[in-house]
Amino acid sequence: MTVSGERSLWLDRPAPAEFPELAGEQRFDVAVLGAGITGLTTALLAKRQGARVAVLESGRVARGATGNNTAKATALQSIVYSTLERRHGPRTAAAYASGNLAAVETIARLAAEEGIDCDLERRPATTVARNGEERTLVEREARTAADAGLPVELTDRADLPFPVEAAVRLADQIALHPARYAAGLAAAVDGDGCRVFEGSRVHSVSATAPWRVGTPGGTVVADAVVVATHYPLLDRGLFFARLEPERSYCVAARIRGEPPGDMAITPGPPKRSVSRHGDLLIVGGESHPAGARDVGAERFERLEAFAREHWDVTEITHRWSAQDPSGYDALPMIGSYLPGHPTLLVATGFAKWGLTGGTMAATVLADRLAGRDNPLAPHFSPQRVSPRSLPSLARMNAKVGTDLVGDRLTPADAGSAADVPRGQARTVRDGLGKKGVYRDEDGELHAVSLRCTHLGCLLRFNGAERSWDCPCHGSRFDVDGAVLEGPAVRPLERRDP
């Protein structure tokens, strides 16, 4: 297999550093934590309302979920409307539809108004059925999506090279280069009293307003804080108990002939997402819970096999993955982080549809910051209770308990670091506990504590991405212990090999 890039297509040519680290104490009206789609869109809308805004990003703009997605901005999202109508009823499904339809148009409007060169194109989004069982799901989705207000059509054709039994299609959705779009948003935010700070990981937020947001280099004091870090920082709202993180994978391929024009997704296992960027085919899928056991390169290999089965592939050009938290009741959480704290806000739980979901969230939060009511807000309140989804909540937290205890009872994989092969990792006994040891291709050993710095679950090695992943709440660390993904904010302790 030839792979010319072991990174996201959207991050293939990283821009030079654009924004400084936070230094000293600085005062703003609003502090936004996270420079992805949600945070940057919220910041830009708040700036347009006259607020002085600071965006704090732990790494680089758009290098997280925004730079590692399938680049579809669409209100048609697999079979989400069937799920929402069943769990929450038609009014909530209609609210979700109207919010996401408006979000697609907001993306197009902001890109045009700010002159952002992000390869934005209008394309149809389709959910396609490959067999009779999926046909039933697609036909139901066509009915419920139409009832929710989407102008969908049910057809038996799609721009795909394999048989389709049925497809529900929504026209005029958006494909774009998400990292360039986010970079354009950041450039629009920075200036005129507003700032974007990179390399400024937030490690603390005070208990009351005015909020003091601490980073290693300084402090932002703000009247309002928006937590837009994909998976929320802080543990005050117990979001970790209501979110389920899942990883999924993508490959980009150069093919003979034209890639498909539709942004397509299948509803049943194994799910496959298909789209294009320029002359490249993009195939996504192979989802699994964060921290799953025995995850290796076979996830990418199965996507490549699917691409080669249906297209004449000449080269696999990129491979990447992303992690997405889903709410226990299939809805995002947008609003007050805690009851009684109207100026500490949060947005999360977009379930792999963050380009539209994050944009929708930004419009709700911007209204909240301006003191305006938003008709969508009650449907997505983080303080809602969803009785029909309580079994899902119980299942999620039972799994966390099993992982927390079970991994401590599992014996170590290797007797010592000497038993770890090149390019692989093993768990090794370390006193009364265990450590994780990775040997790189040059033979150098990298050893870390396996205890997640969030709530203490033991980590598991992800062989597809050479990372230590938490099965409880989705935190991820590199082989030297640096935080790759939250909710953890502190690195792992290093160990002697």
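The values are calculated or read from the model by the stated rules, or taken from the named source; none is laboratory data. Keep in mind it's a predicted model, so treat the numbers as computed, not measured. We place every Cβ from the backbone using ideal geometry, glycine too, and count neighbours over all the protein chains shown.
Count, please, the residues in the stretch 167-192 that happen to be in contact with a strand residue (DSSP E or B) (Cβ under 8 Å, 6 or more places away or on another chain) and not β-branched (Val, Ile, Thr). Within the stretch 167-192, residues that are in contact with a strand residue (DSSP E or B) (Cβ under 8 Å, 6 or more places away or on another chain) and not β-branched (Val, Ile, Thr) number 11.
From the list Arg299, Arg388, pick out the single residue that is modelled with pLDDT under 95 and surrounded by 21 or more Cβ atoms within 10 Å (Cβ to Cβ).
Arg299
Thr66 meets all of the listed conditions (1) in contact with a Pro (Cβ under 7 Å, 6 or more places away or on another chain); (2) surrounded by fewer than 21 Cβ atoms within 10 Å (Cβ to Cβ); (3) among the hydroxyl-bearing types (Ser, Thr, Tyr) but one, namely (2). Picking from residues in the stretch 69-101 that are surrounded by 21 or more Cβ atoms within 10 Å (Cβ to Cβ) and charged (D, E, K, R), the one that is nearest to Glu286 (Cα to Cα) is Lys72. Do you know which residues across the stretch 431-464 are surrounded by fewer than 17 Cβ atoms within 10 Å (Cβ to Cβ) and among the charged types (D, E, K, R)? Residues satisfying the conditions are Asp440, Glu441, Asp442, Glu444. Pairing each residue of the stretch 231-254 that is on the phi > 0 side of the Ramachandran plot with any residue that is crowded, with 24+ Cβ neighbours inside 10 Å, provided the two are 6+ apart or on different chains, yields C-beta distances under 7 Å for Leu234/Val227. Among residues of the stretch 135-154 that are surrounded by 24 or more Cβ atoms within 10 Å (Cβ to Cβ), none has a Cβ under 6 angstrom from a residue that is of a type in the set (D, E, K, R) and part of a loop (DSSP other than H, G, I, E, B) at a sequence gap of 6+ or on a separate chain. Selection within the stretch 1-37: residues that are acidic (Asp, Glu) and modelled with pLDDT of 85 or more. The member of this set that is surrounded by the fewest Cβ atoms within 10 Å (Cβ to Cβ) is Glu25. For first residues located in the stretch 465-487 and crowded, with 24+ Cβ neighbours inside 10 Å and modelled with pLDDT of 85 or more, partners that are β-branched (Val, Ile, Thr) and assigned to a loop (DSSP other than H, G, I, E, B) and lie 6+ apart or on another chain with Cβ distances below 7 Å do not occur.
Would you kindly identify the helices (runs of 4 or more DSSP H) lying entirely within the stretch 16-116 that contain at least 2 residues that are among the small types (Gly, Ala, Ser)?
37-48, 90-113
The set of residues from the stretch 430-461 being farther than 17 Å from Glu485 by Cβ and in contact with a Ser or Thr (Cβ under 9 Å, 6 or more places away or on another chain) comprises Asp430, Gly433, Lys434, Lys435, Val437. Among the numbered conditions (1) under 20 Å from Glu18 (Cα atoms); (2) without any contact (Cβ under 8 Å) to a residue 24 or more places away in the chain; (3) among the small types (Gly, Ala, Ser), the only one that Gly50 does not meet is (1). Residues of the stretch 208-235 that are within 26 Å of the chain's Cα centre (by Cα), β-branched (Val, Ile, Thr) and in a loop (DSSP other than H, G, I, E, B): Thr215, Thr229. Of the residues making up the stretch 394-447, just one is among the basic types (Lys, Arg), more than 18 Å from Leu492 (Cβ to Cβ) and modelled with pLDDT of 85 or more, namely Arg422. When Ala186, Ala182, Ala146 are checked against the criterion of being part of a helix (DSSP H, G or I), within 27 Å of Ser275 (Cα to Cα), over 26 Å from the mean Cα position of the chain (by Cα) and at pLDDT 95 or above, a single residue qualifies: Ala146. A single member of Pro124, Pro161 is surrounded by 19 or more Cβ atoms within 10 Å (Cβ to Cβ), more than 22 Å from the chain's Cα centre (by Cα) and closer than 26 Å to Trp10 by Cα, and it is Pro124. Suppose we keep only residues that are small (Gly, Ala, Ser) and in contact (Cβ under 8 Å) with a residue 40 or more places away in the chain within the stretch 329-350. Which one would you say is nearest to Thr83 (Cα to Cα)? Ranking the qualifying residues of the stretch 329-350, first place goes to Ala330. Residue-level check: of (1) among the basic types (Lys, Arg); (2) touching a strand residue (DSSP E or B) at 6+ places or on another chain (Cβ under 6 Å); (3) surrounded by fewer than 22 Cβ atoms within 10 Å (Cβ to Cβ), Arg247 misses just (3).
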